[in-house]
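The values are calculated or read from the model by the stated rules, or taken from the named source; none is laboratory data. Since the model is a prediction, treat every value here as computed from it, not as a measurement. Note that we place each Cβ from the backbone using ideal geometry, even for glycine, and neighbour counts take in every protein chain shown. Surface areas here come from the heavy atoms of the whole protein model, side chains and all, with no ligands, DNA or RNA. Shrake-Rupley method; radii C 1.70, N 1.55, O 1.52, S 1.80 Å.
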Amino acid sequence: MRYCLYGASAIVISEIAYHSYFWLKNQISKYATSKEIMEVIWTNELTQSCVSKHRRFTTASSSGTVSTSSGSPTMTELNRIVKLPSPKKSQLSECSNPFCAAYNVGRLLEFIDSAKYSLDLAMYTFTSYDLAQAFSRALKRGVLIRIISDHEMAYSSGSQIIPLTKAGVPIRCNSNTMFMHHKFCIIDSPQRIDAIFKKQNNKSAAKRCHTRGLVLTGSLNWTMQGFGGNWENILITSNAECVRTYAEEFERMWNAFNFDMKSAAASASTSAAAAAVASPK
């Protein structure tokens with residue numbers, strides 16, 4: 001009888017310890033996400049002032065222009081933005097310029113690389129290779145990505161929308177003459193995460209998930225000119241009301257825009273193939 005009592009007590013204690021562990025884990029997770037993020041990134045006439053610090057060494061070409069060790073032109077060649085400095089952490093920690101272009105790009109990369117569940121992007125012009133690569137990394141991690149872009153700028157020179165479409169990212173565009181002029185990105189919004197888990201019928205995961213979400217918004221297009229040659233701003237905030245409002249508007253736009261680039265590209269390929277077959281030899 002005594003041993004049965006000991007056994008029952010051990011089972012009860014282990015159950016209490018098990019549930020206490022997960023309760024404590026959830027509390028720590030809630031505390032970790034309780035700190036609100038509020039940050040502003042600026043680009044201005046000082047953004048390019050530190051560009052020489054981000055070059056390993058330079059050489060003068062026969063034409064008189066200055067190139068990096070890799071042979072690529074510098075950021076300010078011919079008084080225009082040609083190449084942004086590489087956003088390497090080792091270089092960023094040594095840069096004292098608060099408006100550094102490499103830091104600005106690197107900071108966005110950090111936020112995008114932190115995404116665990118979802119990325120919703122509404123961007124008028126998207127040509128940044130580094131940021132597109134961050135989206136590709138997120139896709140490989142299993143992050144669910146949706147992109148809304150302008151129906152004309154999506155096909156502009158250097159657009160990263162096309163490669164991301166080919167990689168499997170669903171992308172929608174406006175189908176009228178109005179501009180889709182937004183420049184914002186939503187990372188791990190609670191609204192989107194709830195919708196994902198609901199679709200997966202995974203209620204237990206939804207209960208364990210504690211995230212404030214994050215919004216990156218402002219005037220800046222994700223382009224070389226935007227990061228290195230304009231006066232621009234990006235507001236980064238985890239304010240719950242702000243995240244909710246942006247998430248709702250993105251969802252509304254996603255449902256309103258019926259022009260799916262992937263479907264359009266597949267349709268165009270099918271039409272081209274049919275035309276090739278029908279054409280005389």
*In region 140-152, what residues are at pLDDT 95 or above and touching a strand residue (DSSP E or B) at 6+ places or on another chain (Cβ under 8 Å)?*
143, 144, 145, 146, 147, 148, 149, 150
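Among the residues of region 230-281 satisfying the criterion of being of a type in the set (Lys, Arg) and at pLDDT 95 or above, which is surrounded by the fewest Cβ atoms within 10 Å (Cβ to Cβ)? Full working, then the answer.
Here is the first cut: in region 230-281, the ones of a type in the set (Lys, Arg) are 244, 252, 262, 281.
Next cut, at pLDDT 95 or above only: 244, 252.
On the way: 244: 16, 252: 10.
The qualifying residue surrounded by the fewest Cβ atoms within 10 Å (Cβ to Cβ) is 252.
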*asked:* Would you confirm, using the coordinates I've provided, whether residue 227 is of a type in the set (Phe, Trp, Tyr) and under 20 Å from residue 246 (Cβ atoms)?
replied: no
*When region 101-127 is examined, which residues are found to be closer than 15 Å to residue 220 by Cα, open to solvent by less than 10 Å² (accessible area, probe 1.4 Å) and at pLDDT 95 or above?*
108, 121, 122, 123, 126
*strands (runs of 3 or more DSSP E) fully within region 129-218 counting 3 or more residues that are open to solvent by 30 Å² or more (accessible area, probe 1.4 Å) and under 25 Å from residue 256 (Cβ atoms)*: none
*Can you name the condition, by its number, that residue 222 falls short on among (1) at pLDDT 95 or above; (2) out of contact with any Leu (no Cβ under 7 Å at 6 or more places or on another chain)?*
(2)
